[in-house]
Amino acid sequence: MLHYSERRLKKKILRNCINKNFLVSSTFFRYQIGDDFIAEDLTADTFEKAWRNRDRYKHDLSAFSTWLFTIARRVAIDYYRKNRRSNISLEEIIQIPADENTEEVTQQRDNIAHLSALLSQLADRDRELVALKYGAGLTNRAIASLTGMTESNVGVTLHRIIQYIRVEWEAHL
């Protein structure tokens, strides 16, 4: 059984880990879901579950971020099961400065809409890989650890996804 001071130290360490991973987790959900408000709710759900299950985290088995993203992935899967969505809106992800001219704003919004359409055509797994890599900024090794794929398979799959998006993007121009 842990002494009082050991429990306080463990809670403090967990709070620090949560603070370091909050923005990354939130960005992951914005990439996955495409809606700021839902991303905030899912981020809160993730951290609530992490806090409730903090005694289950085993630091010798995996990094905190890996454990947290395992929870986040499950929260996203649960969300998709309850609310199947066909389109991803990236407009909340990219904030357009107000001082840009109308033509630039229109072009950027068209680009966002096109990218959103391309991402929505991806399989759930592929969209998740893109969100983990570019939304959460995880390495291929971390993604492999989370998904059960090999590191090289993650790299090859992401390369193919990006190639597909580039080809489709060029066809749109």
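What follows draws every value from the coordinates through simple rules; no lab data is involved. Note that this is a predicted model, so its numbers are computed, not measured. So basically every Cβ, Gly included, is an ideal-geometry build from the backbone, and we count neighbours across all protein chains shown.
So here's what we get for this one:
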{"read-out": "Between 0 and 90°, nearest 10: helix 151-172 axis offset from the chain longest Cα axis", "value": "30"}
{"read-out": "Protection proxy ranking of 146-157, 129-140 - average other beta-carbon atoms within 10 Å, highest first", "value": "129-140, 146-157"}
{"read-out": "Pairwise label distance in nanometres, Tyr164 with Arg74, each label 7 Å out on the Cα-Cβ vector", "value": "2.8"}
{"read-out": "Ranked list, fewest to most other Cβ atoms within 10 Å of each Cβ, for Asp45, Asp55", "value": "Asp55, Asp45"}
{"read-out": "Unit charges on C-beta of K, R, D, E only; dipole of the chain, Debye", "value": "1440"}
{"read-out": "Degrees between helix 4-33 axis and first principal axis of the chain (Cα, 0 to 90, nearest 10)", "value": "10"}
{"read-out": "Cα long-axis angle, helix 64-82 against the chain (0 to 90 degrees, to the nearest 10)", "value": "60"}
{"read-out": "R0 of 41 Å, Cβ-Cβ distance Phe22-Ala171: FRET efficiency to nearest 0.05", "value": "0.60"}
{"read-out": "Near-label residues of segment 6-37 by backbone N, under 11 Å of a point 7 Å along Cα→Cβ of Leu122", "value": "31-33"}
